[in-house]
Structures are given as structure tokens and as C-alpha cells.
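Undergrad: Handing you a structure now.
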Amino acid sequence: MAAVPHPNARATSDTYIGFGVPLILPAWIIIGFFLVVPVAMMLMYSFLTKEFRGGVIWEFSIAAYDQFFFDRGLFGDSPPTIEWTYISIFWRSIWQAGVATFFCLIIGFPTAWFIATRTGRNSTIWLFLITIPYWVNLLIRTISMKFLIRDNGPINEFLISSGLITEPFHIINTNLAVQLGLFYSYLPFMVLPIYAAVERYNFALSEAAADLYASRTVTLTKIILPAVKPGIVAGCILVFVPSLGAFLAPDLLGGGKDLHDRFTD
């Protein structure tokens, strides 16, 4: 016989109705204090006058932005010309972050789908395998990757010994090396949000689509992707933003030679 719910019982989702703001207030305070305030301070300081001995003078100035976009010579009295060096580095950072986000999405989505569709303890084991490399410091992991992809590293030695190549495949100090570093560093940031979204997905929708003779492509694009879109958006943001400001991968794996050659050739 089916159990009769108590007349005063409420659904779990209704338990905290009316307490939304107090519950989320600590998160707002932390985000505001550690994210919004520092960014606002940097924005404010960018419009202040630079002091000769360091620091700023509390006078409005756009000199920092003028220096970013224009070159006025060593003493600042020459006719302005566009400063392509800074602009190129800026757009190159956006491009690198965008490419890293794209490849993390291409690899991360099927990985998250695979993990979320495992049963029992299998999904926990796969999540553990995804996250365990990130118990090691990012600097150590980046240096380890540099050791792997260098000209005389294990990867090139294996390819040469197997006869696939006759001379080392140059990867280090290239855009490819930077992409590998960014991909390896931030892939879990893509996998975990998508995994959480797929785990909440109602697979009966896919079954209903199949019953209505929808192809796999239609099911993916019209049903699955819209349903897990919040996880995809969150993953893309979590990968793109830190990739845009990444320092270790471009510095240790990309080096400075490529940019120097680009402006001296």
C-alpha cells in the first residue's frame, strides 16, 4: 500500500523558500570582496597619473591607455604611431585562450558525458582519475610537460625509435606547446561543470526523441545541448578566463623567441 504523505509535509525544493537571499549572501560577500573590489581598484588605478618614484598620483590620466595603443618615441615628443607590439600580444592572448577553450570543449564534453553515464562507483573512479593530476602544483606539472615535449624528451625519443620520424619534432617554444599547456591545465574546469549538467539531464527525453525517429544529430543539437547548456557556458567561462591571464604555460612552454622573431623578421 502506498504511503500517504503527511499533510504538513513539503517538497525538498520548497524547504528554503523565503531564505534565498540570506543563504546566498555569504557567496555575494566573498565574490564582491575578492573579485569585484580588486577589479574595480585596478580599473580606477589605470586612470590615475603614474608617479616617477612608483605608485600613483590622484590625478585623472589616460596615459596608460595611450601608451598601450600608441608609440610616441623615447621621450614622448614624437608623432604618435600605433603600438602594434602590445596590441598583437593582447589579441594573441585572446586567440590562445579561445583555441584552448574550444579544444577543452571538444574533448571535455564527450568525457563528461561518458563519466556521467557510468553506473555505480565507476563514475566516482573516473572523476578521481580526472582530478588526481591536479593534486600536484601547476608549476611542477608545467615543467614536467616541458620535459616531455622537448626535442630530446621521451615523446620524440619514442617516435624516433619507432621509426615514425627521423628527426625530433620541434614542439617546445611554439604556439602548439602553449596550447598543450593550457589544455592540460584547464581541462577539468570544462569537464566538471558539464558533468554536473549531464548528471541532471533527463535521459527519457532522448528516448522519446528516438521513439519519434529523431536522428542522433537532431537529438544532440535540439535536445541534449540545450539541456546541458548551463554547464557548457560555465565550463567555457572557467577555461577562457584563466587561460586569458595564464603566465606559466606561455612563459615556460612558449618562451619569448617566437614573438621576438615575429617583430624582427
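Values in this text are rule-based calculations from the coordinates and carry no lab data. Since we're looking at a predicted model, the values are computed, not measured. Cβ: placed from backbone, ideal geometry, glycine included. Neighbour counts: every protein chain shown.
Undergrad: Whose amide H sits under 5 Å from the amide H of Phe70, counting only residues 5 or more places off or on another chain, with H placed in the peptide plane?
TA: Hits under the 5 Å cutoff: Glu83.
Undergrad: What ranking do 194-200, 249-255 get when scored by the average of other Cβ atoms within 10 Å per residue, highest first?
TA: Packing order, densest peptide first, comes out as 249-255, 194-200.
Undergrad: Let me ask you something else. If the chain between Tyr213 and Ile24 were fully stretched, how many nm would it gain, using 0.36 nm times the residue separation less the Cα-Cα distance? Can you show the working numbers first?
TA: On the way: separation 189, 0.36 × 189 = 68.04 nm, distance 4.35 nm.
Computed gain between Tyr213 and Ile24 is 63.7 nm.
Undergrad: For region 24-82, build the charge dipole from Cβ charges (+1 Lys, Arg; -1 Asp, Glu) around the Cα centre, then report which of Ile24, Gln67, Ile82 sits farthest towards its positive end.
TA: Result: Ile24.
Undergrad: What is the calculated FRET efficiency for Phe102 to Thr174, with r their C-beta to C-beta distance and R₀ = 22 Å, to the nearest 0.05?
TA: Calculated transfer efficiency: 0.75.
Undergrad: What distance in nm separates the two pseudo spin-label positions at Met44 and Val241, each 7 Å out from Cα along the beta-carbon direction?
TA: Distance between label points: 2.1 nm.
Undergrad: Moving on to the next point. Sorted by packing (mean other beta-carbon atoms within 10 Å per residue), highest first, where do 53-64, 137-148 land?
TA: Details: 53-64: 10.1, 137-148: 14.6.
Answer by packing, highest mean first, reads 137-148, 53-64.
Undergrad: Something else now. Extension gain Leu35-Ile143, at 0.36 nm per residue separation less the Cα-Cα distance, in nm?
TA: Gain on extension, Leu35 to Ile143, equals 36.0 nm.
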